[in-house]
């Protein structure tokens, strides 16, 4: 069983490397060097905000669940509330201090940047809940070991960046209108 789980885990990592490589090649071909750079800037902003908003709550969740201080339902709803609240605070902070950050965001259309920023609360929910369910051997896909999702948690980021990617492509000819 361990060998099978290890092979599935390894296969998932190889598959993600291949998908990431292909996505990178396609993106570079379609957008060109400057477009790829602007897309990177657009995706960098929510990534940094998520790093600021994580606060290692997922580790605290595991600790509190293990000590049986709170039940799973309470911790899940608390995580969702904190993620959405923290995400909203980070979005408001980003909008408030946008002028301060604007020199670092040169060339990124404002409308696409704000579309990307909207994903912050949802990007916070995933790691909070994922790390909570991992020790419980909760599986997101039937018949897959939870280790598979540990190795492939980047799928969430891939899906979110895909949404931004299509928004970017849709507006790529409208740089000066933002």
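All of the numbers you see were taken from the coordinates with simple rules; none came from a lab. This one's a predicted model, so the numbers in the text were calculated from it and none came from an experiment. Counting neighbours? That spans all protein chains shown, and the Cβs are built from the backbone with ideal geometry, glycine included.
Label-point separation (nm) for residue 64 and residue 2, each offset 7 Å from Cα along Cα-to-Cβ?
Output for this residue pair reads 3.4 nm.
Could you tell me how far the Cα centroid of segment 16-69 sits from the Cα centroid of segment 93-112, in Å?
Each part's Cα centre sits 19 Å from the other's.
What does the extension gain come out to for residue 29 and residue 52, with contour length at 0.36 nm per residue minus their alpha carbon separation?
Gain on extension, residue 29 to residue 52, equals 5.1 nm.
Given R₀ = 22 Å, FRET efficiency for residue 122-residue 95 by Cβ-Cβ distance, to 0.05?
0.80
Could you sort the peptides 80-88, 32-40 by per-residue average Cβ neighbour count (10 Å cutoff), highest mean leading?
80-88, 32-40
Along the three principal axes, how long is segment 24-131 when you take its alpha carbons, biggest first, rounded to the nearest angstrom?
Projected onto the principal axes, the Cα atoms of segment 24-131 cover 52, 34, 16 Å.
Could you estimate the translational diffusion coefficient of segment 1-75 from the Stokes-Einstein equation, with Rh from the Kirkwood formula over C-alpha pairs, at 25 °C and 0.890 mPa s, in whole µm²/s?
It diffuses with D of about 150 µm²/s by this estimate.
What order, most packed first, do the peptides 112-122, 98-108, 43-53 have when packing is the mean number of other Cβ atoms within 10 Å of each residue?
Final packing ranking: 112-122, 43-53, 98-108.
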